[in-house]
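Down below is the structure, laid out as structure tokens.
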Amino acid sequence: MKDTRERDLLAGIVLVAAFALWTVAIRLIDVQNAGPLGSEVGFATINVWFHRLTGVHMLIYTITDWLGLVPIIICMCFGVLGLVQLVKRRSLLKVDSDIVLLGTYYVVVILGYLLFEMVPINYRPILIDGNLEASYPSSTTLLVLSVMPTLKYQSDRRIVNPVTCKAITVFVIVFSAFMVIGRLVSGVHWATDIIGSVFLSSGLFMIYRFMADYTDQKKTYLKAEVSNGV
């Protein structure tokens with residue numbers, strides 16, 4: 001168990017670092033004015049090639065945009081769970097630690113999204129309603145890959161029925177794959193925007209899972225100490 005936690009932490013740190021390096025690389029490598037209205041694009045040769053290969057599919061863009069509500073609803077459900085525990089137990093300290101950490105994790109994801117909205121790295125390869133919009137990292141991909149793994153993680157922790165857990169696992173995998181591939185081929189993001197989201201979301205989730213498992217271990221240790229003291 002300890003080795004698994006350490007691997008999660010290491011993987012999380014490596015992936016977040018990879019995201020940081022990837023972001024810097026996008027601003028430095030093969031930067032060309034290849035976007036709409038002459039906007040700059042990093043890794044321009046491969047990005048433009050892939051964009052021309054896939055084309056633009058606004059129907060897929062619209063579908064994945066609306067399906068982006070699914071992870072938001074999941075966040076709200078966990079928020080309600082935390083609120084119910086808070087009301088019943090009358091103390092934030094008595095709310096399940098993994099739920100408190102989950103709320104903190106979601107806030108970090110939102111702050112990351114807002115940061116890159118304020119400091120654009122890449123703009124979309126197409127104009128949206130005649131305007132340039134920030135495109136890096138892909139916010140929908142970031143949201144999906146940050147939230148959907150937490151649904152599986154929490155269901156594995158809280159749901160006893162193995163059939164239900166397996167159904168949730170299949171749903172998480174299929175939905176996440178559809179959303180990532182959909183955003184990739186819709187033509188509303190550069191390929192590097194999607195890759196950046198995968199790095200960041202995966203790294204943040206690994207760190208969250210490490211923190212939740214570490215807190216569990218600490219609680220078990222403290223309970224054992226109390227029991228031995230008695």
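The values are calculated or read from the model by the stated rules, or taken from the named source; none is laboratory data. Worth saying up front: this structure is predicted, and the values here are computed from it rather than measured. Because the Cβ atoms are built from the backbone with ideal geometry, glycine has one as well, and the counts that use them run over all protein chains shown. When the accessible area is computed, the model is the full protein with side chains, heavy atoms only, and any ligands, DNA or RNA have been set aside. Shrake-Rupley method; radii C 1.70, N 1.55, O 1.52, S 1.80 Å.
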Check A177, A167, A212 and return the single one that is at pLDDT 95 or above, farther than 29 Å from Y123 by Cα and open to solvent by less than 70 Å² (accessible area, probe 1.4 Å). A167
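Can we say S155 is crowded, with 16+ Cβ neighbours inside 10 Å, in contact (Cβ under 8 Å) with a residue 60 or more places away in the chain and not charged (D, E, K, R)?
For S155, the condition - crowded, with 16+ Cβ neighbours inside 10 Å, in contact (Cβ under 8 Å) with a residue 60 or more places away in the chain and not charged (D, E, K, R) - is not met.
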So, of the residues in the range 69-98 that are open to solvent by less than 60 Å² (accessible area, probe 1.4 Å) and without any contact (Cβ under 8 Å) to a residue 24 or more places away in the chain, which turns out to be farthest from F43 (Cα to Cα)? S91
Assess whether S135 counts as being touching a Pro at 6+ places or on another chain (Cβ under 8 Å), polar (S, T, N, Q) and surrounded by 12 or more Cβ atoms within 10 Å (Cβ to Cβ). yes
Over the range 191-207, the set of residues open to solvent by less than 30 Å² (accessible area, probe 1.4 Å), out of contact with any Gly (no Cβ under 8 Å at 6 or more places or on another chain) and touching a residue at least 60 places away in the same chain (Cβ under 8 Å) is A191, D193, G196, S197, S201
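Kindly indicate the residue of the range 20-47 that is assigned to a helix (DSSP H, G or I) and without any contact (Cβ under 8 Å) to a residue 24 or more places away in the chain and also least open to solvent (accessible area, probe 1.4 Å) among those meeting that condition. Don't jump to the end; show me each part of the working.
Residues of the range 20-47 that are assigned to a helix (DSSP H, G or I), as a first pass: 20-28, 36-38, 44-47.
Then drop every residue that is not without any contact (Cβ under 8 Å) to a residue 24 or more places away in the chain, which leaves 20-21, 24-25, 28, 38, 44-45.
Numbers: A20: 51, L21: 126, V24: 81, A25: 19, L28: 133, G38: 39, A44: 1, T45: 89 Å².
Checked the range 20-47; the qualifying residue least open to solvent (accessible area, probe 1.4 Å) is A44.
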